[in-house]
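Notes for the one structure printed next.
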Amino acid sequence: MRHVIIGSGPAGVIAAETLRKADPAAEITVLCGEGEPPYARMAIPYLLKGDIDEAGTFIRKDQDHYGRMRIGLVEGRALAVDTAARVVDLGDGPGLPWDRLLVATGSRPSREKIPGIDLPGVRTCWTLEDARALLAGIRPGTRVVQMGAGFVGCIIMEGLLARGADLTILVRSGYMVRRMMNPTASGLIRRWCESKGVKILTRTQPLALSANGGALKVDLGEGRSLDADLYLSVVGVDPNLEFLAGSGVEIGQGVVVDANLQSSVPGVYAAGDVAESPDVVTGKRQLNAIQPNAAEQGRTAALNMAGHPTRFKGSFVFNVLTTLGLAASSFGEWQGVPGGESTEVLDESRFRYLNLQFDGDRLVGANCVGFGDHVGAFRGLIEGRRRLGAWKRRLMDDPARVMQAYVETAVPACGAG
Amino acid sequence: MQKSLHLDPNKCTGCLQCEMACAWEKYETFTIAKSRIKVFTFHHEGRFVPYTCTQCDEAWCLIACPVDAIKLDPVTGAKIVLEPTCVGCKVCTIACPFGTINYVAQTGKVQKCDLCDGDPACAKACPTGAITYVDADWTGLGKMRAWAGKTDTTAATA
Ligand SMILES: Cc1cc2nc3c(=O)[nH]c(=O)nc-3n(C[C@H](O)[C@H](O)[C@H](O)COP(=O)(O)OP(=O)(O)OC[C@H]3O[C@@H](n4cnc5c(N)ncnc54)[C@H](O)[C@@H]3O)c2cc1C
Ligand code: SF4
Ligand code: SF4
């Protein structure tokens, strides 16, 4: 059986390793699209901070690992997929034939549609190549104007400040990380950033960028502008799908997959940022561009490809983010559900906040700022759809007791559960 | 036969010897906040529940780690954090549905129970036998793992 995996991010690598264990005789090829050893994008913030070197971002530290597991790493980009002839077109040469194909091409930064976005001095922060450019380009005092304060935008700030950047963040909406945090949580994060010397302009979106000597002028409209040495565009991501045009694989926002992570074309699977799969709490199909999802889908897709039918438990939307040292996390339906109840505690001076969302006696979502301990229990409670019984009331009164609620409803010998 | 920690809330008196033993074993301090095993107190019914990582088969933490900083110890079955490799991204802390891997601000890394190379300090310290290190089949762990696997998603898919 020939397995071809397009993409060497976490989804692709974990799929390849799982395939090897599940199918010792299989031929496994991973297509690496960036000319780098398989690496984890999410380690980039720590590379910028100087905590690790490039090798610290590698998904497996021992580069013989792939050889030992008989996983072939092939450099190149998929340009097209022929699902009738079952080959991946790499441009030159005969192409890669496959019996089972995994699309694990991840996503890429969305492109702002403004004049000047192609000028030198405009960068994003997504690949090792981007990280190298930022490391080379940012020195103490470098004026960085960053467009976007989504979760990648927030996570990289610490690295930028560690390099000595003079940082201004532009936020199109009124709120930072609004896709994962409610306005109260978002407000805390904003205040925290400002207290660390970051300038934040909300409801601001550049109209154009222009060259201004060796620097850039960022036109904010109404006669306002900012001078920047570097313009960092981090305004969200889009899945890498173009090469599937004409392949017959059904595309929605991403590659549409079923519970076994198989696409509309039998034998073609998708995992990670690129896959559009059903959410476990809402049942709605969606993209879920986070590391744990890529890892779990990579594993599940591989088991199916190896002929062990395995249902993906479903994507669960959750995320953790550290903004200049302030931890924040969000889980599930943090915005609440119709007819649901919610409760919260806020300690503004200590930057601590916890908001819980219930549906009946089940926890369905949460936002946390400054709470780090046992946060995994939120996943356990929400994804496991645990009934809280009497704990619902107790949590309404004191949300911080969530771990107690979890332990008592979880540990079998412990009563309520 | 691999062994695992057997935690019996019915025998726990809440003396916190285990927390002290863990903090001492790992950090040479009696600051129980640093312990990787926690005793939860339920005042409303006067109960104490010792709780730590079950070294679950799914190893959510290990598989979620982007940089291979969590390794399986083939002898004890423990999932062990390699501190020098850990970047402190916290992804494992939200991936573990048991809430048993936690970030430590002082080190910038995460910590979890590593079974002390097969000789867990908490079990040795427990005076009441609420924490024992026994053959895996004997533990309530099997039940707990079954609990973890059992999810009620009917309402979601309906
Ligand atoms: C700076 C930064 C910080 C992040 N922080 C976090 C975080 O804290 N927590 C979190 O959960 N997530 C975080 N993420 C997101 C996380 O990195 C992604 O969700 C994860 O990488 C998805 O894995 P994947 O394997 O699906 O895709 P990717 O990691 O994007 O890998 C896809 C691979 O496919 C290759 N590829 C694409 N197109 C082709 C083609 N046509 N041919 C061949 N190869 C191709 C790419 O080059 C790449 O190697 C962060 C991302 C960034 C950039
Ligand atoms: S920390 Fe959590 S996910 Fe990791 S082995 Fe322990 S119980 Fe499993
Ligand atoms: S915090 Fe450390 S161990 Fe946990 S996922 Fe991140 S790098 Fe891995």
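The values are calculated or read from the model by the stated rules, or taken from the named source; none is laboratory data. All values derive from a computational prediction rather than experimental measurement. Here Cβ is always computed from backbone atoms with ideal geometry, including for glycine, and neighbour counts include all displayed protein chains. These accessible areas exclude ligands, DNA and RNA; they are computed on the full protein's heavy atoms, side chains included. Shrake-Rupley method; radii C 1.70, N 1.55, O 1.52, S 1.80 Å.
Looking at the protein assembly as shown, what % of its DSSP beta bridges pair antiparallel, to the nearest 5? Before the final figure, lay out each step's value.
Values: 65 of 99 bridges.
Looking only at bridges with both residues in the protein assembly as shown, the antiparallel portion is about 65 percent.
With all protein chains in place and a 1.4 Å probe, the accessible surface of chain B carries 55 percent carbon and sulfur.
With both labels modelled 7 Å from their Cα along Cα-to-Cβ, the A:Lys21 to A:Glu222 distance reads 5.7 nm.
The largest accessible area among A:Leu354, B:Leu72 belongs to the first residue in B:Leu72, A:Leu354, and the rest follow in falling order (1.4 Å probe, all chains).
If contacts are Cα pairs under 8 angstrom and at least 6 residues apart, what is the relative contact order of region A:325-414 in percent? Present the calculation step by step, with values, prior to reporting the outcome.
Working: 163 pairs, mean separation 24.6, N = 90.
Relative contact order of region A:325-414: 27 percent.
FRET efficiency for the pair A:Glu36 and A:Lys313, taken as 1/(1 + (r/R0)^6) with r the Cβ-Cβ distance and R0 = 30 Å, rounds to 0.45.
Solvent-accessible area of chain A (1.4 angstrom probe, protein heavy atoms only): carbon and sulfur portion equals 50 percent. Using R0 = 60 Å, the C-beta based FRET efficiency linking B:Lys26 and A:Ala85 works out to 0.55. With r as the distance between the Cβ atoms of A:Ala215 and B:Ala136 and R0 = 56 Å, compute the FRET efficiency 1/(1 + (r/R0)^6) and round to 0.05. Rounded to the nearest 0.05, the efficiency is 0.30. Based on the Stokes-Einstein relation at 4 °C and a viscosity of 1.567 mPa s, and on the Kirkwood radius from alpha carbon pairs, region A:325-414 is assigned a translational diffusion coefficient of 100 µm²/s.
Give me the summed buried accessible area for the B-A pair, 1.4 Å probe, to the nearest 100 Å². List each step's numbers first, then the result.
Details: alone 9140 and 18190 Å², together 23210 Å².
Its buried surface, counting both partners, is about 4100 Å².
Taking square-rooted eigenvalues a ≥ b ≥ c of the alpha carbon gyration tensor, is region A:122-233 rounded, prolate or oblate, where a/c under 1.5 means rounded and, failing that, a/b exceeding b/c means prolate? In terms of gyration-tensor shape, oblate. Beta bridges from DSSP with both residues in region A:122-233: antiparallel share about 40 percent, rounded to the nearest 5. A helix-only calculation puts the protein assembly as shown at -6500 deg cm²/dmol for mean residue ellipticity at 222 nm, using -39500 (n - 2.57) for each DSSP H run of at least four residues, averaged over all residues. Beyond 24 Å, the tail of the calculated P(r) for chain B holds 34 percent of the Cα pairs.
Per residue, chain A exposes an accessible area of 39 Å² to a 1.4 Å probe, with every protein chain left in place.
Average the reciprocal distances over every distinct pair of alpha-carbons in region A:285-327, invert the result, and give the Kirkwood radius in Å.
On the way: mean 1/r = 0.0831 Å⁻¹.
So the Kirkwood estimate lands at 12.0 Å.
Rounded, prolate or oblate, given the Cα gyration tensor of region A:37-147, with a/c below 1.5 counting as rounded? It comes out oblate by the Cα gyration axes.
Remark: mean inter-chain Cβ contacts per residue of A:376-383 equal 6, using a 10 Å Cβ-Cβ cutoff to other protein chain atoms. For the protein assembly as shown, the share of alpha carbon pairs falling in successive 20 Å distance bins from zero is 20, 53, 25, 2 percent.
In region A:86-171, which trypsin sites (Lys or Arg not before Pro) are in a loop and have at most 14 other Cβ atoms within 10 Å, using DSSP for the loop call? Those satisfying the criteria are A:Arg111, A:Lys113. The mean count of C-beta atoms from other chains within 10 Å of the C-beta of residues in A:40-53, rounded to a whole number, is 3. With contacts taken as Cα pairs under 8 Å at a separation of at least 6 residues, chain A carries a relative contact order of 15 percent.
Here the simple spin-label model places points 7 Å from the Cα toward Cβ, and for A:Arg179 and A:Arg108 these points are separated by 1.7 nm.
Neighbouring Cβ atoms from other chains, within 10 Å of the Cβ of residues in B:102-108, number 3 on average. Given a 1.4 Å probe and the protein chains as shown, A:Met147 ends up with an accessible area of around 10 Å².
From most to least packed by mean Cβ count within 10 Å, the peptides A:214-220, B:79-85, B:24-30 give A:214-220, B:79-85, B:24-30.
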